[in-house]
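Take a look at the structure below.
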Amino acid sequence: QTELLQYCAQNSIAFTAYASLGEAALVNGEVKLAQLDTVAARRPDLTPAQILLMWGLQKGAAVIPKASSAERIQENFDVLAKTELSAHDVADLDTVSTEPERHFCWHADHIS
């Protein structure tokens, strides 16, 4: 959704990352992304959730993660104190958008 992010930035529109953790599918191992695994190997100080949240924040999105416990809320919050992802890490995660579209929550095509 690179084009959408660029459009929003150019038009002062706040882009909100809803279900940014793939409804937990991306962090509980249900859905595997090679790019996430690659970045996680380089960043053992971050959980997969923190990597995805950091990536969204670095892309300029307002990120609203769901958390099921106080520990998860704290883990999500702690990402703000971590060192940002490298340009290489961001570029690796950006390649997910070149794969067939993945929607973990809802898709506008399915709304009648």
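The values are calculated or read from the model by the stated rules, or taken from the named source; none is laboratory data. Everything numeric here is computed off the predicted structure, so don't read it as measured data. A quick note on method: Cβ atoms are made from the backbone with ideal geometry, for glycine too, and the neighbour counts reach across all protein chains shown. In case anyone asks, the SASA skips ligands and DNA or RNA and just uses the protein heavy atoms, side chains included. Shrake-Rupley method; radii C 1.70, N 1.55, O 1.52, S 1.80 Å.
Can you spot a residue in region 54-67 that is over 12 Å from the mean Cα position of the chain (by Cα) and part of a helix (DSSP H, G or I)? No; the residues of region 54-67 include none that is over 12 Å from the mean Cα position of the chain (by Cα) and part of a helix (DSSP H, G or I). Within region 79-101, the set of residues being exposed (fewer than 10 other Cβ atoms within 10 Å of the Cβ), modelled with pLDDT under 90 and outside any loop (DSSP other than H, G, I, E, B) comprises just one member, Thr98. A residue that is open to solvent by 50 Å² or more (accessible area, probe 1.4 Å), β-branched (Val, Ile, Thr) and over 26 Å from Ala9 (Cβ atoms) cannot be found anywhere in region 43-59.
Kindly indicate whether any position in region 7-30 is in contact with an Asp or Glu (Cβ under 7 Å, 6 or more places away or on another chain), at pLDDT below 90 and surrounded by 12 or more Cβ atoms within 10 Å (Cβ to Cβ). The answer is no, given that none of the residues of region 7-30 is in contact with an Asp or Glu (Cβ under 7 Å, 6 or more places away or on another chain), at pLDDT below 90 and surrounded by 12 or more Cβ atoms within 10 Å (Cβ to Cβ).
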